[in-house]
Amino acid sequence: MKLKMLATVPVAVACLAVLLGGCAGSGASYAALDRDIQASDELPELVAEGSTDIDADSARYVGEHEGVEFWVARMDEPDSVCLVVYPNDTDWVAGCGAYGGKLGVGGPSGDYLLVPDGLPAPEDTTKLTDNVYLVRDRQR
């Protein structure tokens, strides 16, 4: 898997996903992945080139918060989903995990959670988009 992340991020993300019960849930979905593709859904070129396991054609732009943009995508691997966090060309990160579980992704811009449709908001988080929550903002 070739996803650009800081050296400590994969361990932190893996631990966060386990602590949050990152197991696949039955019937879980992400509505953004089911909608028709739009021009804004195209991943930034550096992300598309730097993350070969993400299915770039499945990527859907899900929003922005204080200059940080977010995409949800499928992996080439079945039953997996990814969250791309893109504050700029150098500090972007992507994390992938089991489809339907809560997925934690952290980087220089903050720590975020991808949550399937219909699940309650995680405690001590701020909702940024329908599926993306801010756990901790590192920009402040």
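The values are calculated or read from the model by the stated rules, or taken from the named source; none is laboratory data. Predicted, not measured: the structure shown is a model, and the values here were computed from it. As a convention, Cβ positions derive from the backbone with ideal geometry for all residues, glycine included, and neighbour counts pool all protein chains shown. With ligands, DNA and RNA removed, areas are computed over all heavy atoms of the protein, side chains included. Shrake-Rupley method; radii C 1.70, N 1.55, O 1.52, S 1.80 Å.
Figures for the structure shown
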{"quantity": "Inter-site label distance for Asp79 and Asp117 at 7 Å from Cα along Cβ, in nm", "calculated": "2.1"}
{"quantity": "Within segment 57-140, GluC sites (Glu not before Pro) in DSSP loop having at most 14 other beta-carbon neighbours inside 10 Å", "calculated": "Glu66, Glu123"}
{"quantity": "In Å², nearest 10: area of Thr126 left accessible to a 1.4 Å probe", "calculated": "70"}
{"quantity": "Heavy-atom SASA rank of Cys96, Cys82 (probe 1.4 Å, accessible area, largest first)", "calculated": "Cys96, Cys82"}
